[in-house]
Amino acid sequence: KTGVTVFNIRTGQEVAKIKPKDSLREIRFSANGQLLIVSAAEHESVWDIATGELRHEMPNFRHRPMPDVVCKKVLETDENGYIWAIADKVKPPPHQSMLVRYSPDAQKTEILIPELAESVLAVHAALSTDRTLLAVNTIRASKEMPRIEIDVWDVATAKKIKHFAG
């Protein structure tokens with residue numbers, strides 16, 4: 001298992017220790033620098049940097065009962081505390097990748113783009129700084145070789161505005 005130690009860069013003092021439940025894949029700061037978004041092997045979580053406390057473990061496949069929507073990747077938190085993420089609708093089938101915005105307490109889900117892709121592996125996703133555009137890098141199965149593609153979406157209209165083939 002791995003963890004994160006947060007230091008105050010100005011003083012060199014240790015501020016907090018963050019210990020996710022699974023092996024760490026990625027960490028990044030929230031836009032306001034007060035939260036740490038942690039991507040672990042099987043879940044996403046949001047931590048308070050000042051205290052080292054877990055603020056939210058995002059809904060995932062291990063939760064019981066199984067949620068209708070599971071968080072695959074937290075993209076960012078905005079200035080109002082909303083958590084923007086790529087999520088999968090798992091109930092009812094079929095599974096569907098989508099862009100969602102969780103309430104600041106991570107209890108309510110607002111679907112912003114309901115159908116990003118069906119049965120694809122979303123490798124990377126990024127929101128523009130003003131959160132008007134979403135770019136999603138996907139790998140689609142193919143008989144010869146997997147196709148790596150990038151789709152750009154307009155968040156306000158939930159429409160794909162550009163496709164880059166692999």
Quiz item: How many angstrom lie between the C-alpha centres of region 57-83 and region 1-53?
Solution: 17 Å
Quiz item: In nm, what is the difference between 0.36 nm times the number of residues separating Thr157 and Phe29 and their Cα-Cα distance?
Solution: 43.3 nm
Practice problem: Return P(r) of region 62-154 (all Cα-Cα pairs; 5 Å bins starting at 0; whole %; ordered from short to long distances). | Solution: 3, 13, 24, 24, 18, 11, 6, 2, 1, 0
Quiz item: With every protein chain present, what is the per residue accessible area of region 68-145 (1.4 Å probe, Å²)?
Solution: 53 Å²
Exercise. Would you work out if region 39-83 is rounded, prolate or oblate? Take a ≥ b ≥ c from the square roots of the eigenvalues of the alpha-carbon gyration tensor; rounded if a/c is under 1.5, else prolate when a/b is larger than b/c, oblate otherwise.
Key: prolate
Self-check item: Amide H contacts under 5 Å for Lys72, placed H, 5+ residues apart
Solution: Ile86, Ala87, Asp88
Quiz item: List the GluC sites (Glu not before Pro) in region 26-89 that DSSP assigns to loop (not H, G, I, E or B) and whose Cβ has at most 13 other Cβ atoms within 10 Å. Which are they?
Solution: Glu42, Glu53, Glu79
Quiz item: So which trypsin sites (Lys or Arg not before Pro) in region 48-122 pass both tests, a DSSP loop state and at most 14 other Cβ atoms within 10 Å of the Cβ?
Solution: Arg62, Lys108
Practice problem: Mind putting a number on the dipole of region 23-92 about its Cα centre? Charges go on the C-beta only, +1 for Lys and Arg and -1 for Asp and Glu, and I need it in Debye to the nearest 20. | Solution: 320 debye
Quiz item: For Met145 and Ala50, FRET efficiency with R0 = 45 Å and r from the beta-carbon atoms, rounded to 0.05?
Solution: 0.45
Quiz item: When we measure straight from the Cα of Lys17, which lysines land under 20 angstrom away, once same-chain ones fewer than 8 places off are left out?
Solution: Lys1
Exercise. Anything over 18 Å Cα to Cα? Flag those among Lys21/Lys72; Lys21/Lys89; Lys72/Lys108, in the order listed.
Key: Lys21/Lys89
Quiz item: What are the semi-axes of the equivalent ellipsoid of the chain, taken as the square roots of 5 times the eigenvalues of the Cα gyration tensor, listed largest first and rounded to whole Å?
Solution: 28, 17, 17
Practice problem: Keeping the other protein chains in place, figure out the carbon and sulfur percent of the accessible area of the chain, with a 1.4 Å probe. | Solution: 54 percent
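The values are calculated or read from the model by the stated rules, or taken from the named source; none is laboratory data. This one's a predicted model, so the numbers in the text were calculated from it and none came from an experiment. Glycine gets a Cβ as well: all are built from the backbone with ideal geometry, and neighbour counts include every protein chain shown. For accessibility, only protein heavy atoms count, side chains too; no ligands or nucleic acids. Shrake-Rupley method; radii C 1.70, N 1.55, O 1.52, S 1.80 Å.
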